[in-house]
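Below is one structure, written out as structure tokens, with a few remarks after it.
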Amino acid sequence: MRLIGWDCAVDARKCGVAFGEMSGKGLEVESVETGLSDKALTGAIAERISATDPCLLAIDAPLGWPSDLGEALRGHEAGGSIQHLSNNLFRRNTDRFIKSAIGKQSLDVGADRIARTALAALQRLAHIRESTRQSLPLAWLPGQMASSACIEAYPAGTLTVYGFPATGYKGKDVKHQDARDQLVKALAQIMHIPEAVRVRMRANDDALDAVVCLLAGYDYMRGEVMRPDDQALAEKEGWIWVRQP
């Protein structure tokens, strides 16, 4: 089965996209790309999505907003009071769940610049759907998939549950490069990563995160992920799929 890991950013050139396959041998990374234009990025992803064989796209970006935020703003006027706790207003249920389950806090899509990344991801996803003429819905049945679909990934969460450092590897300094080198060595113990891909992961944290998104997709397809405690709310807000600690 084909897997795509997509590390999202507002600027397409800061996105990373990794391509891999799930087989009887485990997870095999094929290639990773960074620095692409918007058109090249969505084109590369669309090209890998087959019209016949299912493909799972694991996306590192929030794919929904807090339900309470939408309700609070629907009838709000400037100067009026909002009677909601800030964590309920700006964080989704999945963000609170992940914090409770693994001690890692994802960014608040309702109150952080990550909202711009979420919007960019959804707009690009719409272009990919149009290009492939596939609906690419969000997937909700771990371990089962009859057609191509998407899930929300969280690289820091996936690294955490595997026992790997989830901070200190983003940047261009020598210390960041050394941290990426150690992460690449660790990840290479649980998936097959060609040397050319390892080189790119060491050089670029967007490439590394894209490969971790592949791992999140692999965990989803093996059914080894934490499931929503409120399915209806998850389908409204989105759900971060992370491996069971």
**Asked** Taking θ as phi - 60°, what are the ³J(HN,Hα) couplings along the stretch 29-46 by the Karplus curve (6.51, -1.76, 1.60), each to the nearest whole Hz, with x for Gly and Pro?
**Response** 7, 9, 7, 9, 10, 9, x, 7, 6, 4, 5, 5, 5, 5, x, 5, 5, 4
**Prompt:** Per-residue HN-Hα couplings for the stretch 112-127, Karplus 6.51 cos²θ - 1.76 cosθ + 1.60 at θ = phi - 60°, whole Hz, x for Gly and Pro?
**Reply:** 9, 5, 4, 4, 5, 5, 4, 5, 4, 4, 5, 5, 5, 4, 4, 5
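How much FRET efficiency would the formula 1/(1 + (r/R0)^6) give for Glu195 and Ala78, where r is the Cβ-Cβ distance and R0 is 51 Å, rounded to 0.05?
Details: r = 57 Å, r/R0 = 1.12.
It comes out at approximately 0.35.
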**Spin-label model distance (nm) - Gln231 vs Arg13, 7 Å beyond Cα toward Cβ** = 4.5 nm
**Prompt:** How many angstrom lie between the C-alpha centres of the stretch 75-106 and the stretch 209-243?
**Reply:** 20 Å
**Message:** Can you list residues from other chains, or at least 5 along the same chain, whose modelled amide H is less than 5 Å from the amide H of Glu30?
**Reply:** Phe19, Gly20, Glu21
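At 0.36 nm per residue, and after removing the present C-alpha to C-alpha distance, how many nm does the segment from Gln182 to Ala51 gain when stretched out fully? It would help to have the intermediate numbers written out before the result.
Working: separation 131, 0.36 × 131 = 47.16 nm, distance 3.78 nm.
Gain in length upon complete extension: 43.4 nm.
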**Fill in**
Sequence order, the stretch 196-213: Karplus ³J(HN,Hα) from phi using 6.51 cos²θ - 1.76 cosθ + 1.60, θ = phi - 60°, Hz rounded, Gly and Pro as x, gives 4, 6, 4, 4, 5, 5, 5, 7, 9, 6, 5, 5, 5, 4, 4, 5, 5, 4
**Request:** Can you tell me the equivalent ellipsoid semi-axes for the chain? Use √(5λ) from the Cα gyration tensor, largest first, whole Å.
**Result:** 28, 21, 18
**Asked** Contour minus end-to-end for Glu224 and Asn87, with contour as 0.36 nm per residue of separation and end-to-end as the Cα-Cα distance?
**Response** 46.5 nm
**Fill in**
Straight-line reach check, Lys39, cutoff 23 Å on alpha carbons, 8 or more apart in-chain or any other chain, hits among lysines -> Lys14
**Amide H within-cut-off set for Cys55, under 5 Å, with H built and near neighbours excluded** = Ser148, Ala149
**Asked** In nm, to one decimal, how far is the modelled label at Ser131 from the one at Leu119, with both set 7 Å along Cα→Cβ?
**Response** 2.2 nm
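Bear in mind that the values in this text are calculations on the coordinates, not laboratory data. A quick note: this is a predicted structure, and the numbers were derived from the prediction, not measured. Using ideal geometry, Cβ is built from the backbone for each residue, glycine included, and neighbour counts are taken over all protein chains shown.
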